[in-house]
Amino acid sequence: MKNKKVLNLCRAAIIAALYVVLTYIANALGLASGSIQVRFSEALTILPFFTPAAIPGLFVGCLLSNILTGCALPDIIFGSIATLLGALGTYFLRKKSPWLAPVSPIVANTVIVPFVLLYAYGVQPLWLSFITVGIGEIISCGVLGMLLLFALKKRAGALFD
């Protein structure tokens, strides 16, 4: 039992570290800012489909990424909460269909992040942020996330027990 807890803690830490690294790569390429943001790290939000250890890993990874990249406090808090809610949704929908894995992260971020952009950064109009954040999330979670899911599904037993 103790070894499983340690294993899950290590998995969460690895996922958090991957999230931070992928966020930095997207930032370096100029993809994590602008009207349509594509964070490669958001593709990892499908990982709760395979393991519950991904939930805290994604939350901590997003929290650290937002702190380390100099986000405003509302973004650090509510952006991380959006990722947490998306990860929880992925976990709870995992038995329904793999195609539902990216739905919760897409919805959570599309609903929450535009308000963060408005109140933390003054990005207007709000309606346009809903569209652009939604497009970015569809690319990150819906396309890249699903590619990752099906790539990992072949090796899920070896990677995630």
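With respect to Ile25, determine if the residue is over 20 Å from Ala156 (Cα atoms), part of a helix (DSSP H, G or I) and either among the basic types (Lys, Arg) or in contact with a Leu (Cβ under 9 Å, 6 or more places away or on another chain) (or both). Walk me through it before giving the result.
Details: over 20 Å from Ala156 (Cα atoms): yes; part of a helix (DSSP H, G or I): yes; either among the basic types (Lys, Arg) or in contact with a Leu (Cβ under 9 Å, 6 or more places away or on another chain) (or both): yes.
So Ile25 fits the description; yes.
Report whether or not Cys62 is surrounded by 22 or more Cβ atoms within 10 Å (Cβ to Cβ) and in a helix (DSSP H, G or I).
Here the answer is yes, as Cys62 does meet what is asked.
Report yes if Thr69 is touching a Ser or Thr at 6+ places or on another chain (Cβ under 9 Å) and modelled with pLDDT under 95, otherwise no. So Thr69 passes the test.
Check Ile138, Ile112, Ile81 and return the single one that is under 19 Å from Leu18 (Cα atoms), without any contact (Cβ under 8 Å) to a residue 60 or more places away in the chain, assigned to a helix (DSSP H, G or I) and in contact with a helix residue (DSSP H, G or I) (Cβ under 8 Å, 6 or more places away or on another chain).
On the way: Ile138 fails: under 19 Å from Leu18 (Cα atoms); Ile112 fails: under 19 Å from Leu18 (Cα atoms).
So the residue among Ile138, Ile112, Ile81 that is under 19 Å from Leu18 (Cα atoms), without any contact (Cβ under 8 Å) to a residue 60 or more places away in the chain, assigned to a helix (DSSP H, G or I) and in contact with a helix residue (DSSP H, G or I) (Cβ under 8 Å, 6 or more places away or on another chain) is Ile81.
Within the option set Phe78, Phe92, Phe115, being surrounded by fewer than 14 Cβ atoms within 10 Å (Cβ to Cβ) and modelled with pLDDT of 95 or more holds for one residue only, Phe92. The set of residues in the range 95-109 being crowded, with 17+ Cβ neighbours inside 10 Å and either among the β-branched types (Val, Ile, Thr) or part of a helix (DSSP H, G or I) (or both) consists of Val103, Ser104, Pro105, Ile106, Val107, Ala108, Asn109.
Among the residues making up the range 72-98, those that are over 16 Å from the mean Cα position of the chain (by Cα) and among the hydrophobic types (A, V, I, L, M, F, W, C) are Ala72, Leu73.
Scanning the range 91-127 for residues that are farther than 23 Å from Ile76 by Cβ and hydrophobic (A, V, I, L, M, F, W, C) yields Phe92, Leu93, Trp99, Leu100, Ala101, Val103, Trp127. Out of the range 1-33, which residues are closer than 18 Å to Gly145 by Cβ and aromatic (Phe, Trp, Tyr)? Within the range 1-33, Tyr19 is the sole residue that qualifies. Comparison of Ile14, Ile25 shows that the only residue that is surrounded by fewer than 24 Cβ atoms within 10 Å (Cβ to Cβ) and closer than 19 Å to Phe160 by Cβ is Ile14. Restricted to the range 132-161, and to residues there that are surrounded by fewer than 16 Cβ atoms within 10 Å (Cβ to Cβ) and within 16 Å of Arg39 (Cα to Cα), the residue that is farthest from the chain's Cα centre (by Cα) is Leu147.
Condition (residue is touching a Phe, Trp or Tyr at 6+ places or on another chain (Cβ under 7 Å) and either of a type in the set (S, T, N, Q) or in contact (Cβ under 8 Å) with a residue 40 or more places away in the chain (or both)) applied to the range 21-42: is it met by at least one residue? Checking the range 21-42: at least one residue is touching a Phe, Trp or Tyr at 6+ places or on another chain (Cβ under 7 Å) and either of a type in the set (S, T, N, Q) or in contact (Cβ under 8 Å) with a residue 40 or more places away in the chain (or both).
The values are calculated or read from the model by the stated rules, or taken from the named source; none is laboratory data. Since this is a predicted model, take the numbers as computed values, not measurements. Methodologically, a virtual Cβ is constructed for each residue, glycine included, from the backbone with ideal geometry; neighbour enumeration extends over all protein chains shown.
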